[in-house]
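**Student:** Quick one: the structure is below, questions incoming.
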Amino acid sequence: MQDEQLVIFKLGTQVYAFPISQVREIIQYDSATIVPNASNYVEGIINLRGKVITVINLANRFKLVVEGQKAQRAIIVDTEQKQLAVIVDEVTEVKYLADKKVDTLEVIDVRNECVRGVVQDGERLLILLDASKLIDEKENICREICG
């Protein structure tokens, strides 16, 4: 990995990151308009300044149990297909990591298509995500709705 800036966030007690190059903005998240028959991790859609965006519940996507509801944020990410709003518990920091190596995540019997790798930052491990792989093209509900 070359020098890279990461947007670091939490889901429960777990720490994840997106490359800042994939992040458009961070917004306060309240609710979404539910879309019938969507995948269990698709919260629905929101209107962000006139643009309809699919909302992904990352805890549901990763099958994590997150206790309690607190004020949530949505990270608006750019993918190859569309922009997505990714619900997270807390955005903790934007951090510049110089010359850190991204290790591949090799866990037996786990599908990790949206995980780009793992970066060690001091004592903690950051799971580095690839926003373009969070939603499968066949599941992209926004394609029909958004045009």
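The values are calculated or read from the model by the stated rules, or taken from the named source; none is laboratory data. Worth saying up front: this structure is predicted, and the values here are computed from it rather than measured. Note that we place each Cβ from the backbone using ideal geometry, even for glycine, and neighbour counts take in every protein chain shown.
**Student:** Under 6 Å by Cβ, and 6 or more places apart or on different chains, what pairs join a residue from the range 86-110 that is more than 28 Å from ILE53 (Cβ to Cβ) with one that is at pLDDT 70 or above and small (Gly, Ala, Ser)?
**Tutor:** Filtered contacts from the range 86-110: ASP103/GLY117; THR104/GLY117.
**Student:** Across the range 112-147, which residue is modelled with the highest pLDDT among those that are among the hydrophobic types (A, V, I, L, M, F, W, C) and not in a strand (DSSP E or B)? Can you show your working first?
**Tutor:** Residues of the range 112-147 among the hydrophobic types (A, V, I, L, M, F, W, C): 114-115, 118-119, 125-129, 131, 134-135, 141-142, 145-146.
From what's left, not in a strand (DSSP E or B): 114, 131, 134-135, 141-142, 145-146.
Values: CYS114: 81, ALA131: 89, LEU134: 82, ILE135: 73, ILE141: 45, CYS142: 45, ILE145: 44, CYS146: 45.
In this case the residue turns out to be ALA131.
**Student:** May I ask you to list the residues in the range 47-68 that are in contact (Cβ under 8 Å) with a residue 12 or more places away in the chain, assigned to a loop (DSSP other than H, G, I, E, B) and within 17 Å of the chain's Cα centre (by Cα)?
**Tutor:** Of everything in the range 47-68, those that are in contact (Cβ under 8 Å) with a residue 12 or more places away in the chain, assigned to a loop (DSSP other than H, G, I, E, B) and within 17 Å of the chain's Cα centre (by Cα) turn out to be PHE62, LEU64, VAL65, VAL66.
**Student:** A further question on this structure: If you take the residues in the range 24-46 that are touching a residue at least 60 places away in the same chain (Cβ under 8 Å) and assigned to a strand (DSSP E or B), which one is nearest to TYR96 (Cα to Cα)?
**Tutor:** ILE26
**Student:** Still on this model: So, ASP109, is that one among the charged types (D, E, K, R) and at pLDDT 75 or above or not?
**Tutor:** no
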